[in-house]
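Here is the structure we will look at, set down as structure tokens.
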Ligand SMILES: Cc1ncc(COP(=O)(O)O)c(C=O)c1O
């Protein structure tokens, strides 16, 4: 390998080097509150950018289509065993490239094309791979969607049951991307049993809370559980599928060769590292603080007059109705971005606006909790969010909020020692 091959990105590609520098600065000088994002540990990042990116290892540990997988097998087996321990799962597949892929693989393993599925409505906290018409899921399967209660915005399990009795799904999906309350997996399973359906939990958002003991575990109630690894769980981008042992063979085949080729071995190994970190006692504190921070944020927002879906939160996210400020989610997201508070526009239940400019924003605490911020800061951020939205056309006020954000950020080191 010659010198040119061994250059760092600063020499090899100054354009991409600048992207890294600017992204690091953006992170350092902003408050990351996108509920589906988090910061990985240095160790997870190190392994994601490691020599394992070079390997091909189609198949499963001990049964590969390529030679030279003796070390990759160690990593994949560690990831599997740790995930089993973390979630009390009988079977785990750590190869899915993403949450969407994991959901697709689970559907392919459990169902025939065109089968009926019951899942949460997209504008009530559901998501694309839970049957949206623009997504493969909505095209390949016959989805019906359950909704939250119009007054309380809570899921009402009696309503879900009635819906299930009507549509007789083969699969019920319990999971969300924007529901701020606890899911009752036991009640979902009772409904599934009553209508002869399987239960799949998609815990992508709450996996870290489940791992840290801050949200009930979907096992043993769910037959199959999918999750991304990069949200509250704080691992590399990717996903896993877990299940009762009896579904293992079908799920393995659906992942490989059904859907994927070679696994991303660098990511699989980084998942193993993240699971080890999540098994450590400090992760329980992290999960707890993530929830406490979300509650403090919700309280502060409400004290400053904000309208919050369900009047609070049980988990890591808050869903805020921004219509009282005379704007749509698109403007809200961009004005908050301008002051350095990163959120995302989001539908609220029974939203009358379009998903491209909905009536809400979703605000989450996983990343800032990793960075070390606590409830005091969350209270201050709640005030800053309201101040920003109320004064969205007042440049002077926005500049003052930006200064407060920068001051807060400077108190919390961001990847200290990481330089590009
Ligand atoms: C609950 C849930 N499942 C699956 C996904 C899809 O994950 P990915 O973006 O890795 O495809 C998301 C995305 O945010 C999600 O919120």
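Among the residues making up the stretch 178-210, none is free of Cβ contacts under 8 Å to residues at least 12 places away in the same chain and touching a strand residue (DSSP E or B) at 6+ places or on another chain (Cβ under 8 Å).
The residues of the stretch 218-263 that are in a loop (DSSP other than H, G, I, E, B) and away from the ligand (no atom under 16 Å from the Cβ), listed by number, are 219, 220, 221, 223, 244, 261, 262. Among the residues making up the stretch 360-384, those that are closer than 20 Å to residue 309 by Cα and in contact with a strand residue (DSSP E or B) (Cβ under 6 Å, 6 or more places away or on another chain) are 360, 361, 362, 363, 364.
Scanning the stretch 132-177 for residues that are in contact with a strand residue (DSSP E or B) (Cβ under 7 Å, 6 or more places away or on another chain), in contact (Cβ under 8 Å) with a residue 40 or more places away in the chain and within 16 Å of the ligand (Cβ to nearest atom) turns up 148, 171, 172, 173, 174, 175, 176.
For the stretch 67-101, a residue qualifies if it is without any contact (Cβ under 8 Å) to a residue 12 or more places away in the chain and either outside any helix (DSSP H, G or I) or buried (at least 19 other Cβ atoms within 10 Å of the Cβ) (or both), and exactly one does: 67.
Kindly check whether there is at least one residue in the stretch 279-296 that is over 30 Å from residue 40 (Cβ atoms) and not in a helix (DSSP H, G or I). No. Residues in the stretch 296-341 that are surrounded by fewer than 18 Cβ atoms within 10 Å (Cβ to Cβ) and under 23 Å from the mean Cα position of the chain (by Cα): 311, 312, 330, 334, 337. Restricting the stretch 203-217 to residues that are within 28 Å of residue 53 (Cα to Cα) and away from the ligand (no atom under 12 Å from the Cβ), the residue that is surrounded by the fewest Cβ atoms within 10 Å (Cβ to Cβ) is 211. Modelled with pLDDT under 95 and on the phi < 0 side of the Ramachandran plot, is that true of residue 356? Yes; evaluated as a whole, the condition is true for this residue. For the stretch 75-98, the count of residues that are in contact with a strand residue (DSSP E or B) (Cβ under 6 Å, 6 or more places away or on another chain) and within 13 Å of the ligand (Cβ to nearest atom) is nonzero. Here residue 186 fits the description: under 24 Å from residue 290 (Cβ atoms), surrounded by fewer than 17 Cβ atoms within 10 Å (Cβ to Cβ) and away from the ligand (no atom under 16 Å from the Cβ).
Quick grid of which residues meet (1) outside the structural domain of residue 266 (by TED's automatic domain parsing); (2) in contact (Cβ under 8 Å) with a residue 24 or more places away in the chain:
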| residue | (1), (2) |
| --- | --- |
| 14 | yes, no |
| 18 | yes, no |
| 21 | yes, yes |
| 25 | yes, no |
| 31 | yes, yes |
| 35 | yes, yes |
| 38 | yes, yes |
| 42 | yes, yes |
| 52 | no, yes |
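The values are calculated or read from the model by the stated rules, or taken from the named source; none is laboratory data. Computed from a prediction, not measured in an experiment: that's the story for all the values here. Every residue, glycine as well, gets a Cβ built from its backbone with ideal geometry; the counts of neighbours run over all protein chains shown.
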